[in-house]
Amino acid sequence: MGESLARKILKAHLVEGELIKGKEIAIKIDQTLTQDATGTMAYLQFESIGIDKIRTELSVSYIDHNTLQTDFMNADDHQYLMSVAKKYGIHFSRPGNGICHQVHLERFAKPGKTLLGSDSHTPTAGGMGMIAIGAGGLDVAVAMAGGAFYLEMPSIVKVILTGKLQPFVSAKDIILELLRRLTVKGGVNKIFEFTGDGVKTLTVPERATITNMGAELGATCSIFPSDEITKQFLIAQGRENDFVQMDADSDATYDEEIEIDLSTLEPMVAKPHMPDQVVKISEIEGLPIDQVAIGSCTNSSLKDILAVASIVDGKTVAENVEAALAPGSKNVILDAIKLGALEKISNAGFRLLESACGPCIGMGFAPNSKGRTLRTFNRNFKGRSGTEDAEVYLVSPEVAAYSAIMGKISDPRKAKDVKFYNLPEKYTVTENLIIKPLSDEERKNIEIVRGPNIKPCPSNTALPESLKAKVLLKTGDNITTDDIMPAGAKILPLRSNVPEISKYVFERVDPEFYKRAKEEGIGFIVGGDNYGQGSSREHAALAPMYLGIKAVIAKKFARIHKANLINFGIIPLVFDNPSDYDTIAQGDELEMPNIKKELDTGYVTAVNKTKNITYKLKVDTSGRFINILKAGGLLNYVR
């Protein structure tokens, strides 16, 4: 019986376990990536492990998130990250070189390899035929130290693409269609593997758009085959020696199958405030808009920039619209200049932003109050844009560009006299903003730079025999990591300072949470379905741990956040009877009298002392992860 591509790569990297759906496995990690918002803490954790050099084939530290430098904090973090990279043999991508996922696809991604990144959109590299997974920074630190990455063996979904996209319909519309069908919960513990004749019609950047937003499905990762299209891309990047042909066997079996006829797709739009609120553009066409933002790791490739330039050529952004564009990398900028695309975009009235994440994480170019903004990004959670009451719509570059000109949500298929660019046979390739690892002799003399905002990583204590505490917060369904630990220009610079950043935990959900947690010193959180979806930010677990949270009881957890909770010694518990959720209120006192012993059984007894109700709670993990929880987190366990 044949094997899928995902199984082939997992099998080649398997360290522990069997490739049986739902069973715990461990895989060897070839490459890692970090970005500056998550990387500072990841490297503080790596330092605490106590080895003198990374043990991966390649690790890259990118600066792309905290580039809005309004005081010393971000700049200090960048100096720390550069010195750590030099000290431990890590490639360092300097500010201005580009967004981590775009640069990694261009310069480092390799078919058949594994990549672990401290960013939830690390699966972007699946467009190159990699098993690329987003994780918390602590998991990445352990991988850099040579440790395996542990996960539950996902089910593998075969996505059969047939036909070909019509003009002005893009790869973004493919992934929005999947989100429309499956929702943000539809990919949890799944790998999406793309096959079919339609795959051959998609360039590597288009494939990367799809694998990037697979994260919004909750997927472990997504993957395309490495084929002639991949080879052409690598040749164009001057990396033909990195090409390896990789595909599924013709008789491979899968756990599920989905089919999409590309020729039938239309431009799609995700409405506020979730990426799965997807409709056809015809259903909301004509809504006036205030802002358009094009870029992010989803849609900032040269292909995307050229599509925008083609549509806006000779036209002007509507007077009621502010528009901006952020190219994905320095090399994309250089090619866009060479081809005249940036001139056309600038002449049309677009503001040109630096090559960084920027508006996607609320770091600049926030919309007006109650504004309606169209963005080519991957997430539209409430408040993520930097404006709490703004309406964020997710669209393709084609929709964004044409709507900017028309001043309202508009179907780009109605655009007249558009002449699209052809992609160049050779891309511009520069690596002068990538600092490569030093020799072992040179590394000895490197001093690590630590500014006043860099504080040690807090650690938890070992799990006691019993727990007794109040429910400090009860939330609804689909709580995101943005809800738990907001991003934005005010908070992101505090990522290396947990005592300070912890003041903002659940600020959007309940501004009194921090005060309540500090007063109690210990507590539980009760959550609904899909608790912790969204970004991989481990601070959404690290800061609650610092505030004394010992367990989260929910209906269901998002994959990365659950892993982060375990890494920091917070126990993920699931209601055995979902209706029990309705009987718990904030302020109720819960006791788990035999928590440490009961972890091994898979179920924990909790008594609601306030209401005299007993609950049966399922421990939402097993095996090695139980021992990590008992130790009080992964750092304690590794030590």
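Laboratory data are not the source of any read-out in this text; all were calculated from the coordinates shown. Predicted model only: the values in this text are computed from it and were never measured. Because the Cβ atoms are built from the backbone with ideal geometry, glycine has one as well, and the counts that use them run over all protein chains shown.
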**Request:** Determine, for each peptide in 337-348, 208-219, the mean count of other beta carbons within 10 angstrom over its residues, then list the peptides with the highest first.
**Result:** 208-219, 337-348
**Item:** the stretch 177-186 - phi-based ³J(HN,Hα) in whole Hz, Karplus 6.51/-1.76/1.60, Gly and Pro as x
**Value:** 5, 4, 5, 4, 6, 9, 6, 5, 9, x
**Request:** Mind checking which of Leu472, Leu202, Ala541 is farthest towards the positive end of the chain's charge dipole, using Cβ charges of +1 (Lys, Arg) and -1 (Asp, Glu) about the Cα centre?
**Result:** Leu472
**Prompt:** Using the alpha-carbon centroid of each, what span in Å lies between the stretch 525-600 and the stretch 424-476?
**Reply:** 24 Å
**Message:** Placing unit charges on C-beta atoms (Lys and Arg positive, Asp and Glu negative, everything else neutral), compute the dipole magnitude of the stretch 5-264 about its Cα centre in debye, rounded to 20.
**Reply:** 300 debye
**Fill in**
So for the stretch 408-480, using the alpha carbon gyration tensor with a ≥ b ≥ c as root eigenvalues (a/c under 1.5 gives rounded; past that, a/b versus b/c decides prolate or oblate), I'd call it oblate
**Message:** Need the list of aspartates and glutamates near Lys470 for cross-linking: C-alpha distance under 17 angstrom, and skip anything on the same chain fewer than eight residues off.
**Reply:** Asp510, Glu512, Glu519, Glu520, Asp580, Asp582, Asp588, Glu589, Glu591
**Prompt:** For the stretch 467-638, what relative contact order do you get, as a whole percent, if you take Cα pairs closer than 8 Å and at least 6 residues apart?
**Reply:** 23 percent
**Asked** Lys414: which lysines have alpha carbons under 17 Å from its alpha carbon, excluding same-chain residues fewer than 8 sequence positions away?
**Response** Lys280, Lys315
**Complete:** One point scatterer per Cα, no solvent, Debye formula: log10 I(q)/I(0) for the chain at q = 0.08, 0.11, 0.12 Å⁻¹ comes out as -0.54, -1.05, -1.26
**About the Cα centre, charge dipole magnitude for the stretch 1-78 (Lys/Arg +1, Asp/Glu -1 at Cβ), debye** = 640 debye
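From the helices alone, meaning DSSP H stretches of at least four residues, give me the mean residue ellipticity at 222 nm for the chain, per-run term -39500 (n - 2.57), in deg cm²/dmol to the nearest 500.
Values: 21 runs with 177 residues, N = 639.
Calculated mean residue ellipticity at 222 nm is -7500 deg cm²/dmol.
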**Asked** aspartates and glutamates near Lys436 by alpha-carbon distance under 20 Å, same-chain residues fewer than 8 away left out - which ones?
**Response** Asp30, Asp36, Glu47, Asp52, Glu57, Asp64, Asp77, Glu106, Asp242, Glu447
**Request:** Would you give the gap between the C-alpha center of the stretch 602-626 and the C-alpha center of the stretch 221-288, rounded to a whole Å?
**Result:** 40 Å
**Item:** Sequence-distant residues sharing a close amide H with Glu24 (under 5 Å, placed H)
**Value:** Met153
**Prompt:** Taking Cα centroids, how far is the stretch 155-212 from the stretch 58-125 in Å?
**Reply:** 26 Å
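Using the structure shown, list the pairs from Lys86/Lys113; Lys370/Lys555; Lys86/Lys330; Lys200/Lys426 with a Cα-Cα distance above 31 Å, or answer none. Present the calculation step by step, with values, prior to reporting the outcome.
On the way: Lys86/Lys113 24 Å; Lys370/Lys555 33 Å; Lys86/Lys330 22 Å; Lys200/Lys426 20 Å.
Over 31 Å apart, Cα to Cα: Lys370/Lys555.
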**Nearest-ten-degree value, helix 302-312 long axis tilted from longest Cα axis of the chain** = 60 degrees
**Asked** Spin-label point model (7 Å from Cα, Cβ direction): what's the Lys555 to Ser466 distance in nm?
**Response** 3.2 nm
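Let's see if you can work this out: charge +1 on each Lys and Arg Cβ, -1 on each Asp and Glu Cβ, no other charges. What is the dipole magnitude of the chain about its Cα centre, in debye to the nearest 20? Write down the numbers at each step before the final one.
Values: 75 positive and 80 negative charges, 159 e Å.
So the magnitude is around 760 debye.
I need the peptides 414-424, 504-514 ranked by packing, meaning the mean over residues of other C-beta atoms within 10 angstrom, with the highest value on top.
On the way: 414-424: 11.7, 504-514: 17.7.
Ranking the peptides 414-424, 504-514 by packing returns 504-514, 414-424.
In this model, which of Lys11/Lys190; Lys28/Lys616; Lys28/Lys562 are farther than 24 Å apart at the alpha-carbon? If you can, show how the numbers build up before the last one.
Details: Lys11/Lys190 16 Å; Lys28/Lys616 36 Å; Lys28/Lys562 21 Å.
Correct reply: Lys28/Lys616.
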**Item:** Karplus 3J(HN,Hα) series, Hz, for the stretch 166-171 with 6.51 cos²θ - 1.76 cosθ + 1.60 (x for Gly, Pro)
**Value:** 6, x, 6, 9, 10, 4
**Item:** Whole-Hz ³J(HN,Hα) from phi, Karplus 6.51 cos²θ - 1.76 cosθ + 1.60, for the stretch 77-82, glycine and proline x
**Value:** 4, 5, 5, 4, 5, 5
**Prompt:** Over the stretch 528-575, what is the relative contact order in whole percent, taking alpha-carbon pairs under 8 Å and six or more residues apart?
**Reply:** 47 percent
